[in-house]
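The values are calculated or read from the model by the stated rules, or taken from the named source; none is laboratory data. As the structure is a computational prediction, the values presented were derived from the model and not from experiment. FYI the Cβ positions are ideal-geometry reconstructions off the backbone, even for glycines, and counts take in every protein chain you see.
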Amino acid sequence: MATATAPGKIILVGEHAVVYGRPAIAAPVWQRVATATIEPAAPGDGCSLHARDVELDIHLRTARDDEPLAVVTRLALAQLGIEQEPDWRIKLHSEIPIASGLGSGAALSTALVRAIFRQLGREAEPAQVSSLVYESERFYHGAPSGIDNTVVAYGQPIWFVKGREIEPFTPSVPLTIAIADSGVRSPTKATVGDVRRAWQREPARYESIFDAIGELVCAARRAMEVGDLPALGQLFDANQTLLESLDVSSETLHRLVAAARRAGALGAKLSGGGRGGNVIALVEEDAVDAVSGALYTSGAQQVIVTRIGAEAR
Ligand code: PMV
């Protein structure tokens, strides 16, 4: 029997613009993980996949070509040179809320790939996992930048530019981030598609917003390198304003962002695809309780506090 886990993730700065070649910074969230477990099935039963959280019960042999978890299983087996379907019962479980910007799809696929490799006596390299998972992410996202699969497969904070080599990245001082789930489910594919259509209509305007986001991400990296948390907080706020001008925020997200700031957060923004999903707030340790409380009072379904750069795995 083989088991593997993979973390959730947040995008700290740079979502959406990252699809258009600008940099972004993302980090894993180890407080919420996806797990894949492989048990032997009866000889001749073949390979089946069961994920209670996403109501999935499929057989690899008959699974559709657009089922991401079947796609990633087939790709992993092919890469390992396994031609005959193994007799396996694969169980998947995720603590990460679906379609909430925490990378649930990438985490499930990553755990699955790792478990498949382990079951066959191999350990998968992060780059290998990342590229296999990217293939399956295309079904969740349309044309993803690749940031989700990369941060989840590497399991550490990353500086990400589409098509470039990955740069793992650790802030010089730990960042305390409160992650508030708005409870609104919003598929990333929809907001990414809307931004694309808007960009096609008004390319110059959108390119300049993406440029501004790209510059802000560079400034955020510098702030993290020197440990200037107030500056980083302001950059979160500026990123939120730019995401609002891309029309991917919402009343609910705005309310959570405002509540976090009023309660003493250094800065706050939506994280991920937007319109729903999560808001992240940069907080000092002594403001954690006040900010978490304010987020709950303003309607957050759940608040997770993570420390980036401090929680090594
Ligand atoms: O999976 P999400 O919702 O965290 O969003 C991914 C980030 C986007 O930049 C919006 C899309 C992408 O492919 O990078």
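Residues checked against (1) under 24 Å from ILE58 (Cβ atoms); (2) within 14 Å of the chain's Cα centre (by Cα); (3) part of a loop (DSSP other than H, G, I, E, B); (4) within 12 Å of the ligand (Cβ to nearest atom):
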residue: LEU92; (1), (2), (3), (4): yes, no, no, no
residue: ILE96; (1), (2), (3), (4): yes, yes, yes, yes
residue: GLU123; (1), (2), (3), (4): no, no, yes, no
residue: ALA127; (1), (2), (3), (4): no, no, no, no
residue: ASN149; (1), (2), (3), (4): yes, yes, no, yes
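Residues that are closer than 18 Å to LEU56 by Cβ and under 25 Å from the mean Cα position of the chain (by Cα) within the stretch 78-90 comprise just one, ILE90. Contact map, the stretch 1-28: residues that are small (Gly, Ala, Ser) paired with residues that are within 8 Å of the ligand (Cβ to nearest atom) and in a helix (DSSP H, G or I), Cβ distance under 6 Å, separation 6+ or inter-chain. Pairs shown: ALA24/VAL18; ALA24/ILE147; ALA26/ILE147.
If you go through the stretch 134-178 and keep only what is in contact with a strand residue (DSSP E or B) (Cβ under 9 Å, 6 or more places away or on another chain) and of a type in the set (Val, Ile, Thr), you end up with ILE147, THR150, VAL151, VAL152, ILE158, VAL161, ILE166, THR170, THR176, ILE177.
Could you please let me know if PRO144 is surrounded by 17 or more Cβ atoms within 10 Å (Cβ to Cβ), under 12 Å from the mean Cα position of the chain (by Cα), closer than 22 Å to ALA17 by Cα and near the ligand (Cβ under 10 Å from one of its atoms)?
Values: surrounded by 17 or more Cβ atoms within 10 Å (Cβ to Cβ): yes; under 12 Å from the mean Cα position of the chain (by Cα): yes; closer than 22 Å to ALA17 by Cα: yes; near the ligand (Cβ under 10 Å from one of its atoms): yes.
Considered against the rule, which asks whether it is surrounded by 17 or more Cβ atoms within 10 Å (Cβ to Cβ), under 12 Å from the mean Cα position of the chain (by Cα), closer than 22 Å to ALA17 by Cα and near the ligand (Cβ under 10 Å from one of its atoms), PRO144 comes out as yes.
Return yes or no: is VAL283 assigned by TED's automatic domain parsing to the domain that holds GLY183, surrounded by 24 or more Cβ atoms within 10 Å (Cβ to Cβ) and at pLDDT 95 or above?
Values: assigned by TED's automatic domain parsing to the domain that holds GLY183: yes; surrounded by 24 or more Cβ atoms within 10 Å (Cβ to Cβ): yes; at pLDDT 95 or above: yes.
In short, yes.
Residues in the stretch 103-121 that are under 20 Å from VAL13 (Cα atoms) and not in a helix (DSSP H, G or I): GLY103 alone. Remark: LEU256 falls outside the filter, which requires a residue to be closer than 23 Å to VAL161 by Cβ, surrounded by 24 or more Cβ atoms within 10 Å (Cβ to Cβ), in contact with a helix residue (DSSP H, G or I) (Cβ under 9 Å, 6 or more places away or on another chain) and not small (Gly, Ala, Ser). For the stretch 79-87, the count of residues that are among the hydrophobic types (A, V, I, L, M, F, W, C) and in contact with a strand residue (DSSP E or B) (Cβ under 9 Å, 6 or more places away or on another chain) is zero.
Report whether or not VAL161 is in contact (Cβ under 8 Å) with a residue 60 or more places away in the chain and within 16 Å of the ligand (Cβ to nearest atom). Spelling it out, VAL161 is indeed in contact (Cβ under 8 Å) with a residue 60 or more places away in the chain and within 16 Å of the ligand (Cβ to nearest atom). Among all positions in the stretch 97-116, there is at least one residue which is surrounded by fewer than 24 Cβ atoms within 10 Å (Cβ to Cβ), touching a helix residue (DSSP H, G or I) at 6+ places or on another chain (Cβ under 7 Å) and within 16 Å of ARG185 (Cβ to Cβ). Please determine, by comparing only the residues of the stretch 98-118 that are within 16 Å of the ligand (Cβ to nearest atom) and among the aliphatic types (A, V, I, L, M), which one is farthest from VAL279 (Cα to Cα). For the stretch 98-118, the residue satisfying everything is LEU108. Note on the stretch 235-257: residues that are touching a Leu at 6+ places or on another chain (Cβ under 8 Å) and in a helix (DSSP H, G or I) total 10. Entry remark, the stretch 1-21: residues being farther than 24 Å from ALA111 by Cβ, surrounded by fewer than 24 Cβ atoms within 10 Å (Cβ to Cβ) and of a type outside the set (Val, Ile, Thr) number 2 in total.
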